[in-house]
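First the structure, in the form of structure tokens, and then the observations on it.
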């Protein structure tokens, strides 16, 4: 690749089960200059997210650049609202450069002392998902006890940190290794956590939260959703964020098998799309930035250097190799 070329990542085939590098291709093209009303952005940080796997089954067009949350610097502009030198957020990711319009990009606010990568984690769609869920969809009530699945992931770490700030009582989580369990308890502030590989999820949750929980943040579905339904107290709530357990499955999940308890316990379950709540972004900044600056909230992220490793980072995230948000950073 030269200074006059750009790289994009394209999906070349639909995966059956877990994807592999063979489902992607790096494609080189001439660097496109901005037309009137647009700006050319050199991308600096890329987000790889679980929802990308779901979109690979049909939403992503084959042999076309993939989309994704991205931060970049404007290097050429023919649009006054996107001046050269500004850092912008946009969704034309999985490429080294992108031409964007004001409708496709927004200039990021500068928060002195806050790393740029935070705008893809706790200040980005990941943090916004947790914040909207815990303040709008299933608001945390003072003293609520929570269970969070995939607690060591991007949304899971954000949910644990925000729940405590919002007045939750005891917060427990599930993760995929002993190291992640230790991280949750020692760094994120979880009161307890368990490795879901160590036994039936219902038994592990009952041990971590013997008195039950009031709210379950579900990033997984399947057996852990079943365990949460069993462990929820009467009139408990379930916040459905994702279903990681089925993204790479080639057959329907056997669990949950106890949906009747939703009626018997008067439980409430609700999901949402964060794209319907972008108007909450400024509120998220106002709430989280002071805690970032004070150190009360830390950054939970795994950073992979080099755009050429973006597929590797994506597949690693699906395998659970990250702690916190998985981010790809351009080599400097």
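Scan region 169-178 and tell me whether some residue there is within 24 Å of residue 50 (Cα to Cα), surrounded by fewer than 24 Cβ atoms within 10 Å (Cβ to Cβ) and without any contact (Cβ under 8 Å) to a residue 40 or more places away in the chain. So far as region 169-178 goes, yes, one or more of its residues are within 24 Å of residue 50 (Cα to Cα), surrounded by fewer than 24 Cβ atoms within 10 Å (Cβ to Cβ) and without any contact (Cβ under 8 Å) to a residue 40 or more places away in the chain. Which of the residues that make up region 11-59 are at pLDDT below 95, surrounded by 12 or more Cβ atoms within 10 Å (Cβ to Cβ), in contact with a strand residue (DSSP E or B) (Cβ under 8 Å, 6 or more places away or on another chain) and farther than 20 Å from residue 309 by Cα? Scanning region 11-59 gives 31, 32.
Among the candidates 263, 304, 280, 289, single out the residue that is in contact with a helix residue (DSSP H, G or I) (Cβ under 8 Å, 6 or more places away or on another chain) and either within 23 Å of residue 216 (Cβ to Cβ) or in a helix (DSSP H, G or I) (or both). Before you say what the answer is, go through the steps one by one.
Details: 263 fails: in contact with a helix residue (DSSP H, G or I) (Cβ under 8 Å, 6 or more places away or on another chain); 304 fails: either within 23 Å of residue 216 (Cβ to Cβ) or in a helix (DSSP H, G or I) (or both); 289 fails: in contact with a helix residue (DSSP H, G or I) (Cβ under 8 Å, 6 or more places away or on another chain).
Being in contact with a helix residue (DSSP H, G or I) (Cβ under 8 Å, 6 or more places away or on another chain) and either within 23 Å of residue 216 (Cβ to Cβ) or in a helix (DSSP H, G or I) (or both) holds for just one of 263, 304, 280, 289, which is 280.
If you go through region 234-257 and pick out every residue that is surrounded by fewer than 16 Cβ atoms within 10 Å (Cβ to Cβ) and at pLDDT 95 or above, you end up with 2.
Could you tell me whether any residue of region 250-258 is in contact with a strand residue (DSSP E or B) (Cβ under 6 Å, 6 or more places away or on another chain) and either under 19 Å from residue 132 (Cα atoms) or in the same structural domain as residue 156 (by TED's automatic domain parsing) (or both)? Checked region 250-258: no residue is in contact with a strand residue (DSSP E or B) (Cβ under 6 Å, 6 or more places away or on another chain) and either under 19 Å from residue 132 (Cα atoms) or in the same structural domain as residue 156 (by TED's automatic domain parsing) (or both). Of all residues in region 316-332 being surrounded by fewer than 22 Cβ atoms within 10 Å (Cβ to Cβ) and farther than 21 Å from residue 181 by Cα, which is modelled with the lowest pLDDT? Of everything passing the filter in region 316-332, 332 is modelled with the lowest pLDDT. Can you tell me which residues in region 265-279 are modelled with pLDDT of 95 or more and either exposed (fewer than 10 other Cβ atoms within 10 Å of the Cβ) or closer than 15 Å to residue 215 by Cβ (or both)? Those that are modelled with pLDDT of 95 or more and either exposed (fewer than 10 other Cβ atoms within 10 Å of the Cβ) or closer than 15 Å to residue 215 by Cβ (or both): 265, 266, 267, 268, 269, 270, 271, 272, 279. Selection of region 180-202 for residues being without any contact (Cβ under 8 Å) to a residue 24 or more places away in the chain and surrounded by fewer than 19 Cβ atoms within 10 Å (Cβ to Cβ) yields 182, 185, 186, 191, 192, 195, 197, 198, 199.
Within region 188-245, the set of residues being on the phi > 0 side of the Ramachandran plot and touching a helix residue (DSSP H, G or I) at 6+ places or on another chain (Cβ under 8 Å) comprises 189, 212, 221, 222. The set of residues from region 74-90 being free of Cβ contacts under 8 Å to residues at least 40 places away in the same chain and surrounded by 16 or more Cβ atoms within 10 Å (Cβ to Cβ) comprises 74, 86, 89.
The values are calculated or read from the model by the stated rules, or taken from the named source; none is laboratory data. Owing to the predicted nature of the structure, the values given are computational and were not obtained by experimental measurement. For neighbour counting, all protein chains shown are included, and Cβ atoms are generated from backbone atoms with ideal geometry for every residue, glycine included.
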